[in-house]
Structure formats: C-alpha cells, structure tokens
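The values are calculated or read from the model by the stated rules, or taken from the named source; none is laboratory data. What you see is a predicted model; the values in this text were computed from it and never measured. Note: ideal-geometry Cβ built from the backbone for every residue, glycine included; neighbour counts use all protein chains shown.
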Amino acid sequence: MAKLMSKVAVYPGCSLEGSSSAFQTSLKGVFDTLSAPWETLQDWSCCGASSAHALDHKLHQALTVRNLALAGQQGYTDLLAPCAACFHRLASAQRDVEKDSEVAKAADIPYDGQVRVRNIVDFIANDIGMAAIAARVKRRLNIKVACYYGCLNTRLPRTAQSDDREYPMAMDRIVKQLGASTVDWSYKTECCGASLFATSGGVSGKLVGKILKDAAACGADCVVVACPMCHNNLDTKQEEIRAQAGIDRPLPVLFLSQIMGLAFGLPESVLKLNDSFTPVGALASHG
Amino acid sequence: MMLKENPSLCYQCAKCSTGCPVSKEMDLMPHQIIHLLSLGQRDRVLRSRTLWMCAGCYACAVRCPNDIDITTVMDELRSEAVEKGIPCPHPEVLEFHRNFLKDMSRRGKVHELRMMGEYNMRMRRPFHDAAVGAKMFIKGRLHLLPPSAVGGFSRWMKKLWRS
C-alpha cells in the first residue's frame, strides 16, 4: 500500500546534466517506455560529491540536507538519485537525520526528516519490477554482460538494503529480462578508484585494468554500470589501460538504462551510445 | 577533536586492509591507522599518505566485524589534518577537492569544463588529459557555458557560514 502513496522526485546531479547526459536521456527514455513518472526536483543543488565529504563534514550535511528538505517541501516522499555518488551522499545524510534529528537542521531549511532516498538499480528492480521490463522488450539481446556495481550503489554502512553488498544480483536480474546472459565474475563490486582517476591516474588505472581483465576473461561482451564515475573510469582511457593490463579486445561500457533502451528499441538520440569512447556500435547490432 | 567512531572496538583482524583496493599505495594500512589511534598516536596518523590515497569505497566500513565505519574515520582525520595545517603528502588530491568545492559554490552546481581546467592550471599541468577532454568536448559532453545558477544559492551559502 505504501507504494501507492509514494511520490518520486528525480535528483539528476551535476554529471547527468553534464558529461554523463547519456545516462539521463536514456534513463528518461526507459522511464517513459515503462510509464514510470519522471519529475525533476526543483532548485536542486550539488550534493558536494566526494569533495565535501572528504574535507568538510558540515558542508556535506548542509548540501545534502538542503536537497532532502526541498523534496519534502515539494511534496515528494521519495528522492531518486541515479548517480551512485549522489545516492550515497544523500542516503547517508538521511540515515544521519534518522539517527539524530539535529542533523535535519543542517541546511537551515525546515525538514521533517521523512524523505526516502532511492537507488536506481533497486528502484528499477523492485518498484518497476521484472514483469514490466520483460513486457517492453522488442529486441532480445543475444550478448554476455558483466554487470559492474562498483562501490557506492551497494555500500551504505548501517542501513538495511534490498540487495547483497558483496555479490549483488539486482542488475543481473534486470539485464536477463532483456534476453542477455550475465557472467559470474569476481570484480563486480571492486572499486574503480573514483576521483583518484582524476588525481592519481596511475593508481586508478591499475584498478580499472583488473576489473576489465576479469570481465574479459569471463567472456563478457560488454560491461554495464549504474554510475557516471564508473562509466567514465572504465571507458575514457580504456585503450591505454587495456594495453597496460594486456587485454586484447575492447569492452564497451554501457549504462544500465542504455542496454535497457537497446532492448526496448529506443533511438540513438535518446540512448547516446556514441557518447562513449569505446565503440558500442557492433554490440548494438547484435541479437 | 573527538572521532565519532570508537577505534578501541577493533581487534586487529585486518579484514579492512585485506579488502582495501588501494592498500598497496598506503604507508599505513587501514587496520594500522585504527591501531595507532587506539594507542593515541594521532599525529603520526594525521601525517599519513593513507588519508589521501583512500578512494572512499566503503569496502572496509561494510566489512568490519566490529562495525567501525573506517571510511568515515578517514574523512574525519583528513579534515582534521587540513584544519591543523599539516602538510599534505598528496597535494593533487587536496587541490582537486578544494577546486571542486570552489567551483560548486559559485552557482550550486559544478561546471565540469571550468572545474577540470582550473584544476589543471592549479597543478601547473595545463595539458594533462587534454586528449580525453578534447574528445569529450567534440562529443558534446563538456559545455562551454556553465549550468544555470541555483536560485538564492550563494545567499544561502553565505548565511550558512555566518551562523
């Protein structure tokens, strides 16, 4: 019953309005196809990303609670953050509000502490559901997929969550509805280095190399992600990283919403597969 | 400064360090950081490279059998080191975060092109990752114009800092 009462706002975050707009347009296309409502939170601001968290806890709390309070004021019960980092920041602030009501005052905007922060994989798997996804598939994808969850989608300390932290399967279940098979592999929740990719590329490059190498060794045709940072790190310097790690073939990197949109028959103007550095073209004509 | 987490709960199983993806790059591994904290060697910990190599992936935090949120400990120690003016062993990381926050506070959202450009200038390596940036720009993924400013954001920030 609770679900009938829920009203969901989308929190896009800076990446989805910028360098990862492919995630936003493809996700909106998928939501439209599935008749899921898409309303953007008005006046949203940056969650502070890893930088506020890393240097200034008070700033992190103020920036996150500001957006939670806006969602409450605008009459939303749920705040859906497709970016894994935004999700983690907002959800950890909400957890802190629930533990200590003083945190709700961090942004100096009235907040009743009642908004639920939602993860995109969980939302698609459990709120939209497998039956609705399967019903919309126009073209079954005959490919092998490595579902890469990364860190921030599944690792929120001290909260109940719907999927396994060490070996999550929600994204695998979604991808299987599209006709694709998924590989069992060891690196699905290993970190890609996050912002170290920008500051200490060598360190991050080694981590990305291990992830891609395992995906390739397990026979994956592509890697599917649900995080703009994971997509950026696995895709943009892949050629160089593959050479260093000794991986002999390219591994296209797709957002979960892009692979769903491929199976739903959505056009390139929505999917933006050409935004990726590693060509996705051959894969798109598969199946 | 008081930590929100209690390092004395640690029994040194080292599960945090075993699963840490960047422990090889650290001078002190996560379980050693926690151990030194319970011994009161705060100063040594605050000077460690570890604080700046932590990728913030929370593998340690969700695996700790004693439920110590080690990733948050790293955040708190990093903030404390900056506040105390302790020289940062990885200035490229500190400058990245500072620059990000500076850009974000202008209009409430990050302007990626300017943020990365300014960061590279600050680090005196203007052509760092230029090929990636150029390719992104050609693909229309980086915008010359900043995102529209969030209404009342800078006023809100100023008011917040005054209180």
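Points to keep in mind about this one:
- Scanning region A:213-251 for residues that are buried (at least 17 other Cβ atoms within 10 Å of the Cβ), in a loop (DSSP other than H, G, I, E, B) and not hydrophobic (A, V, I, L, M, F, W, C) turns up A:Asp221, A:Thr236, A:Lys237, A:Pro250.
- Helices (runs of 4 or more DSSP H) completely within region A:1-61 that count 1 or more residues being closer than 19 Å to A:Ala198 by Cβ, out of contact with any Gly (no Cβ under 7 Å at 6 or more places or on another chain) and at pLDDT below 95: A:49-55
- Residue count for region B:11-28, restricted to those that are part of a loop (DSSP other than H, G, I, E, B) and either surrounded by fewer than 19 Cβ atoms within 10 Å (Cβ to Cβ) or not assigned by TED's automatic domain parsing to the domain that holds B:Gln41 (or both): 5.
- Hits in region B:50-94 - residues which are at the interface with chain A (Cβ under 9 Å from one of its Cβ atoms), over 27 Å from B:Glu118 (Cα atoms) and part of a loop (DSSP other than H, G, I, E, B): B:Tyr58, B:Cys64, B:Asp67, B:Asp69
- Residue in region A:147-164 that is farthest from the other protein chains (Cβ to nearest Cβ), counting only those that are surrounded by fewer than 24 Cβ atoms within 10 Å (Cβ to Cβ) and among the hydrophobic types (A, V, I, L, M, F, W, C): A:Ala160
- Among the candidates A:Ala134, A:Ala85, A:Ala104, residue that is in a helix (DSSP H, G or I), over 30 Å from A:Leu207 (Cα atoms) and in the same structural domain as A:Phe23 (by TED's automatic domain parsing): A:Ala104
- Selection from region B:115-146 of residues that are in contact (Cβ under 8 Å) with a residue 24 or more places away in the chain, surrounded by 12 or more Cβ atoms within 10 Å (Cβ to Cβ) and away from every other protein chain (no Cβ under 11 Å): B:Arg122
- Scan of region A:30-51 for residues that are surrounded by 22 or more Cβ atoms within 10 Å (Cβ to Cβ), touching a residue at least 24 places away in the same chain (Cβ under 8 Å) and at the interface with chain B (Cβ under 9 Å from one of its Cβ atoms), ordered by number: A:Trp44, A:Cys46, A:Gly48, A:Ala49, A:Ser50, A:Ser51
- Among the residues of region B:29-48, those identified as polar (S, T, N, Q) and assigned to a loop (DSSP other than H, G, I, E, B) are B:Gln41, B:Ser48.
- Test: residue in region A:115-124 that is within 13 Å of chain B (Cβ to nearest Cβ), touching a residue at least 24 places away in the same chain (Cβ under 8 Å), buried (at least 24 other Cβ atoms within 10 Å of the Cβ) and of a type outside the set (Ser, Thr, Tyr): no
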